[in-house]
Amino acid sequence: MPKEVHHVVTRPGRRHGDPEVEIPVAEDLATVPGAPVRQEDVSFYTRVYPLETQNIEKAADRDWVWTVYTPDVLEYRERHDELNQPLVDAALVTGDIEPTGDAEPGKDMTDAIRLKARELGFNEVGFTRFDHHYAYSSKKTWVKYEHAICVALEQDYLQTQTLPSLEAEFAHFGTYEIEGALALDLADHIRTLGYRAQVHSPNDNSGAYIPMFINAGLGQLGANGQLLSPHFGSRARLAIITTDAPVSYDQPVDYGINQFCKICQVCVNRCPGRALLKDRVWWRGAEKFKVIYERCRPVMARYEGCAVCIKVCPVQRYGMKPVMEHYVETGEVLGKGTHNLEGYTIRDKGYFGPGELPRFNRQFFEIPHGRREEWLFEQFKEKLSEEGVPAYEDLVGFATDLKTILDEGDSTRGDE
Ligand code: SF4
Ligand code: SF4
């Protein structure tokens, strides 16, 4: 029997010029707009345990991944970094560039900026306050302007369905290259309108972007730990542009995802690393699904970025409208239990259909942890306990390595 519809969400079409879509949210899926958050707890965690980028906090394993890439992935990643670095460097200094046009005093610029962003090709555009609770410690003073323009760019559909594969990595990193350039174009345009604009590169994140995308109404957090946007789920790459242009904020939306993921669980059941939790937990003041980083990272690194959790998500595969309509009509999750949605192939392990998962031994999950200096100390302690006090030249080697790490500071490869 069809379910009662609690409310209908109307969203702009997938591309500029496409008709609007209407997404019905069933009565039993309605929770709260956006994400359940306890603001006082968010403030507490920000104050006592400030957020930091994984480029710093997890630098040890981010260095390690380069040692386990296949030759093809390694070659492609190096090529991508070479192409991408100028975009990241350009974004870093955008906040200092003066406007090139004259502002019209008192005019709200939301529609003009949204229109330009859509014309450039961004599929989702939303406005919210840049929430400093989610800024990384190392970037806090870098962020100059108050208003955040959240933009999402869809990556290729067919390439994404081949996940995990090198072809899907072309879609993943290729979309970042396009997005980095488009974000710079959008910032240039804002300057012609008489305002300043700072590009937060998708490959050099200034903070946790997803909470701001949720606040801007562009989706909700899925059990795969990613933003589920209405048209393409997590098949999207995210960037932010902050500005001093006067804009009006969008509002968070309840798409029904907070509850739908509890029922769906496809990504949780299909994750090769068993890295996803079935239930939401309170974490830093937000109720959310958590990804177990230490279970995910070894799989991601060795198997072309993995992302099976993106591939098997029905919202990514079919879009939120068909998924929610199917749920209203049948009470079931579209595609769940089918090879079409749930099947995937892991290089050198074979095909895994519904109910089947690859197995990895314990050593597979042993990877370096923490910051570079923490990992160096870890190895040093292990050596001490196994071999006793090292020879003088080994101590000098340790001190030299530590000095190099400290001198390099926070420099590392960009976000993935
Ligand atoms: S990337 Fe792969 S291992 Fe990591 S959570 Fe997603 S499916 Fe699991
Ligand atoms: S696969 Fe299902 S449970 Fe996982 S994020 Fe997508 S909708 Fe949510």
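Structural remarks
- In Hz, Karplus ³J(HN,Hα) per residue of segment 53-58 (6.51, -1.76, 1.60; θ = phi - 60°; x = Gly, Pro): 5, 5, 4, 9, 4, 10
- Gain in span if fully extended, Arg295 to Glu167, counting 0.36 nm per residue against the direct Cα distance: 43.7 nm
- Highest mobility in the GNM of the chain, judged by mean-square fluctuation with C-alpha springs under 10 Å and restricted to Arg129, Arg235, Arg362, is found for Arg362.
- Gln155 long-range amide H proximity, modeled H, under 5 Å: Ala236, Arg237
- Counting only Cα atoms, the size of segment 1-110 along its three principal axes is 53, 49, 40 Å, in decreasing order.
- With a Förster radius of 35 Å applied to the beta-carbon distance between Asp156 and Thr400, the computed FRET efficiency rounds to 0.15.
- Based on the reciprocal of the average 1/r between different C-alpha atoms, the Kirkwood radius for the chain equals 22.8 Å.
- Measuring against 19 Å, Cα to Cα, the residue pairs Lys140/Lys288; Lys262/Lys336; Lys58/Lys139; Lys262/Lys288; Lys58/Lys290; Lys3/Lys288 contain Lys140/Lys288; Lys3/Lys288 as the ones spanning a longer distance.
- Projected label distance in nm at Arg79 and Ala391, using a 7 Å step from Cα toward the beta-carbon: 4.5
- Restricting the calculation to Cα atoms, every distinct pair contributes to the Kirkwood radius of segment 89-164, found to be 15.5 Å.
- Proximal aspartates and glutamates relative to Lys321, as straight alpha-carbon distance under 18 Å, when same-chain residues fewer than 8 apart are discounted: Glu4, Asp18, Glu20, Glu22, Glu27, Asp28, Glu124, Glu154, Asp254, Glu329, Glu332
- Placing a label point 7 Å from the Cα of Thr345 along the Cα-to-Cβ direction, the residues of segment 276-318 whose backbone N falls under 17 Å of that point are 303-308, 311-312.
- The ranking of Met320, Met109 from fewest to most other beta carbons within 10 Å of each one's beta carbon is Met109, Met320.
- Here's how it looks for Asp204: its modeled amide H is under 5 Å from those of Asp415, which are all 5 or more places away or on a different chain.
- For segment 277-399, diffusion coefficient by Stokes-Einstein and Kirkwood Rh (Cα), 25 °C, 0.890 mPa s, µm²/s: 131
- Taking all Cα pairs closer than 8 Å and separated by 6 or more residues, the relative contact order of the chain comes to 23 percent.
- Max mean-square fluctuation residue, GNM over the chain, Cα-Cα springs under 10 Å, options Tyr392, Tyr318, Tyr69: Tyr392
- Between segment 270-300 and segment 65-87, the C-alpha centres lie 26 angstrom from each other.
- Protection-proxy order for peptides 275-281, 190-196, 226-232, each taking the mean of Cβ atoms within 10 Å per residue, highest first: 226-232, 190-196, 275-281
- Lone cysteines, the chain (no partner Cβ under 4.7 Å): Cys150, Cys261, Cys264, Cys271, Cys296, Cys306, Cys313
- Amide H within-cut-off set for His147, under 5 Å, with H built and near neighbours excluded: Phe130, Thr243
All of the numbers you see were taken from the coordinates with simple rules; none came from a lab. Since this is a predicted model, take the numbers as computed values, not measurements. Here the Cβ is made from the backbone with ideal geometry for all residues, glycine too, and neighbour counts use every protein chain on show.
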